[in-house]
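First up is the structure itself, then whatever we jot down about it.
The values are calculated or read from the model by the stated rules, or taken from the named source; none is laboratory data. Given the structure is predicted, the values throughout are model-derived calculations rather than measurements. Using ideal geometry, Cβ is built from the backbone for each residue, glycine included, and neighbour counts are taken over all protein chains shown.
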Amino acid sequence: MFDDLRTISMLDWLENDLLLIVESCQLASSDASFRRYFRIKTPDGSFVIMDAPPDKENIGAFISVADLLTKIHVNVPIIYQQNIEEGYLLLEDFGSLCFLDQLTIDNASELYASAFDALLIIQSQTSLEHCGLPSYNSALLQRELGIFEDWFLNESLDVSVPDQLWTNLCELLINSALEQPQVCVHRDYHSRNLMFLTDDSPGIIDFQDAVMGPITYDLVSLLRDCYISWSPELIAQWRSDYYQRLVALELIAVTPEQFKRWFDLMGLQRHLKAIGIFSRLHLRDGKSTYLNDIPRTLNYVLTVCDEYPELSAFSEFLLEQVVPAYEIYRQSHLS
């Protein structure tokens, strides 16, 4: 079946400690972290096992955020059993169909409606005082931007960004993020982490990195998804509709123009980080399929930079130095 030591240890826990009869065990997915997920079949049904090596993953964060979201009636997997010492969880099986597998132009509004509903619950019903989540502070935002500089510009392209240009950009993006109302932020609220279910869809996964942070973060993650793209007109309509719902709940009190600016700049921060992570996954972890998602993500960056005068210098840097270097890199790595 599997012969690596962690999988053998996992099966030993399932069969000898939990006394489950494991009829089959298959790798369900491995994500951008060190976690793996297995789907097991038993006489009692199907389950998913999270394998999160304790020296590399914080399984406690997954458990605490799952509890937080369950209490506000957001659909996250039930944790049936836990082995914190070895880093295994026995979870409810949401199946293998995520939104990305199902989305088309014809059903997108319907599917996203359920995602908007769940997101609104997360943002409006999570207690800031009692959630225990870390803050998406300046230091964390800066570290994330550094992933773009280190892994994409320096390591992948051998391009250096001028210090003052980079400082100005980071200051602009971080200040915009911190001036927004702070809510519970999933941090990876997109089409691969929303599971398509017959009842109570979406099932929400990969929430262990949740923080208290900017109110536009998860919305832009969903609408300017690194794995699927929509027309600017459709994104504007969805953003406007969600803005109206936030206003109605008194979660924000800004103009639509200010909300759009927050949305755009937050997306820019997130997409720069994502490009850096995709590069790191290729260079450090050998997960090169993520290189295919850089063009879409870089296009989001270029589009936003073109729209704001204060980003003109960074836009010029991207167009004159980064894009040509990236095209050469892309031809050599994606051919």
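Listed values, structure above:
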read-out: Residue check for ALA66: of a type in the set (Gly, Ala, Ser) and over 27 Å from PHE116 (Cβ atoms); value: no
read-out: Residue match in region 57-68 (condition: more than 30 Å from ASP241 (Cα to Cα), of a type in the set (A, V, I, L, M), surrounded by 18 or more Cβ atoms within 10 Å (Cβ to Cβ) and touching a residue at least 24 places away in the same chain (Cβ under 8 Å)); value: yes
read-out: Number of the exception - TYR242 against (1) within 27 Å of ASN154 (Cβ to Cβ); (2) in contact with a Leu (Cβ under 8 Å, 6 or more places away or on another chain); value: (1)
read-out: Matching option when the condition is of a type in the set (Val, Ile, Thr) and either more than 25 Å from SER221 (Cα to Cα) or in the same structural domain as SER135 (by TED's automatic domain parsing) (or both), among ILE40, ILE72; value: ILE40
read-out: Qualifying residues in region 200-231 (those that are over 15 Å from LEU120 (Cα atoms) and of a type in the set (S, T, N, Q)) - the one surrounded by the most Cβ atoms within 10 Å (Cβ to Cβ); value: GLN208
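Yes/no per residue for (1) at pLDDT 95 or above; (2) not basic (Lys, Arg):
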site: PHE34; (1), (2): no, yes
site: PRO53; (1), (2): no, yes
site: LYS56; (1), (2): no, no
site: VAL76; (1), (2): yes, yes
site: ALA113; (1), (2): yes, yes
